[in-house]
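Notes follow the structure.
The values are calculated or read from the model by the stated rules, or taken from the named source; none is laboratory data. If you're wondering where the values come from, they're calculated on a predicted model, not measured in any experiment. Cβ: placed from backbone, ideal geometry, glycine included. Neighbour counts: every protein chain shown.
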Amino acid sequence: MGKIVQDIDAAVQALKAGQLVAFPTETVYGLGADATSDAAVSAIYAAKGRPATNPLIIHVASMQQAEALVHMPQVARKLAEAFWPGPLTIVAPYREGAGISAIARAGLDTLAVRVPAHPLAQELLTAFGGPVAAPSANVSGRLSPTEAEHVAESPLAEHVACILDGDECPVGLESTIIGFDEKGRATLLRPGGIAREEMERVLGAPLLRPPAASDAARPSAPGQLSSHYAPRARLRLNADAPREGEMYLAFGAEAPQGVPGLNLSPTGDLAEAAANLYAYLHILDATGVDGIAVAPIPEHGLGEAINDRLRRAAAPRPQDAHGKHGKQA
Ligand code: AMP
Ligand code: MG
């Protein structure tokens, strides 16, 4: 199980047989299953240790396939036309009877859909011909994978039929998730691979803030208040330099020289920093260091999503309550 392959046919056959397949998208590697099969979708939740209340994003090859699954508000169509295929997820009213497993929807009457741009994801979805449920191919709450090796070296490897090899994910951050309120106005549920400013330019209006995390009727982004996207090492944010026993995740040209660590983007390019974020956290974590100090990241453009992930990666972890250090399961 779980070997890295170049062969789309093997991945398609595995999906048709109800098995799990890891595949590259432009955001992160996904853990895919036939979205119409309760059994296949259940296997995703089991493999990741993902709470059943956290619904999955459904991936399809085209806008046409997406429209067969959800009722797209006018504003959603405008965004989809501008950003699909690409790192944009749209949450819209589910078309009753469209065949998506209720487990993948976590029982909601809305559905999250995305048309990914990565050529291998496109090929896989087109050859499979149906919707694929796919969260990130990592253990729930841990660092997301941006290389095939991240999946191959994780506990998920034994749960997947194969890992489709597609090099490094070019965007490197999960998709931007947009929902719509009763008046059809677009709401930013999770910042991600498309910057807020780009979407607001298309909309000609500001994106609304997400509803309060306590609103159970509308689950918003994962771990909004809790720990998510976390490495093993402790994270210390907005640090100008590392302390004793820390590695430094730097950003920009002003970074202190001669300290142990990596620079997300020596030129201060936020897209480059996003693409490097998870890969560099994986590398620093693998050194076995106790702590990673992270430089301040500007809050504009993709910086909003980078800071969102960093804040959750640094949040107190569930196991902290028991006084244990969070080792990966
Ligand atoms: P992940 O697969 O880990 O990137 O997470 C998918 C995200 O999409 C989670 O934050 C879900 O809460 C969110 N999501 C999926 N379906 C819905 C939905 N119907 N309504 C609101 N959020 C959703
Ligand atoms: Mg995830």
_Any residue at all in the stretch 61-83 that's within 25 Å of Ala127 (Cα to Cα), buried (at least 19 other Cβ atoms within 10 Å of the Cβ) and within 16 Å of ligand 2 (Cβ to nearest atom)?_
no
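Looking at the stretch 90-134, which of its residues are among the charged types (D, E, K, R) and buried (at least 24 other Cβ atoms within 10 Å of the Cβ)? Reasoning before the result, please.
Let us first name the residues in the stretch 90-134 that are among the charged types (D, E, K, R), namely 95-96, 105, 109, 114, 123.
Within the stretch 90-134, Arg114 is the sole residue that qualifies.
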_Restricting to the stretch 64-82, count the residues that are in contact with a strand residue (DSSP E or B) (Cβ under 8 Å, 6 or more places away or on another chain), touching a residue at least 40 places away in the same chain (Cβ under 8 Å) and in a helix (DSSP H, G or I)._
4
*In the stretch 115-153, the residues that are modelled with pLDDT of 95 or more and hydroxyl-bearing (Ser, Thr, Tyr)*: Thr126, Ser136, Ser144, Thr146
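Results for (1) over 20 Å from Val171 (Cβ atoms); (2) more than 15 Å from ligand 1 (Cβ to nearest atom), shown as yes or no for each residue.
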| position | (1), (2) |
| --- | --- |
| Ala61 | no, yes |
| Ala66 | no, no |
| Met72 | yes, no |
| Ala80 | no, yes |
| Leu88 | no, no |
| Ile100 | yes, no |
| Ala152 | yes, yes |
*Which of the residues belonging to the stretch 272-290 are surrounded by fewer than 18 Cβ atoms within 10 Å (Cβ to Cβ) and not hydroxyl-bearing (Ser, Thr, Tyr)?*
Glu272, Ile283, Ala286, Gly288, Asp290
*Per-region count, the stretch 5-35, residues away from ligand 2 (no atom under 15 Å from the Cβ) and β-branched (Val, Ile, Thr)*: 4
*Checking Val41 against (1) at pLDDT 95 or above; (2) more than 19 Å from Leu15 (Cβ to Cβ); (3) within 19 Å of the chain's Cα centre (by Cα), the condition it does not meet*: (2)
*Name every residue in the stretch 221-271 that is within 16 Å of ligand 1 (Cβ to nearest atom), exposed (fewer than 13 other Cβ atoms within 10 Å of the Cβ) and either at pLDDT 95 or above or among the aromatic types (Phe, Trp, Tyr) (or both), in order of residue number.*
none
*Could you count how many residues in the stretch 175-193 are touching a helix residue (DSSP H, G or I) at 6+ places or on another chain (Cβ under 8 Å) and within 14 Å of ligand 1 (Cβ to nearest atom)?*
9
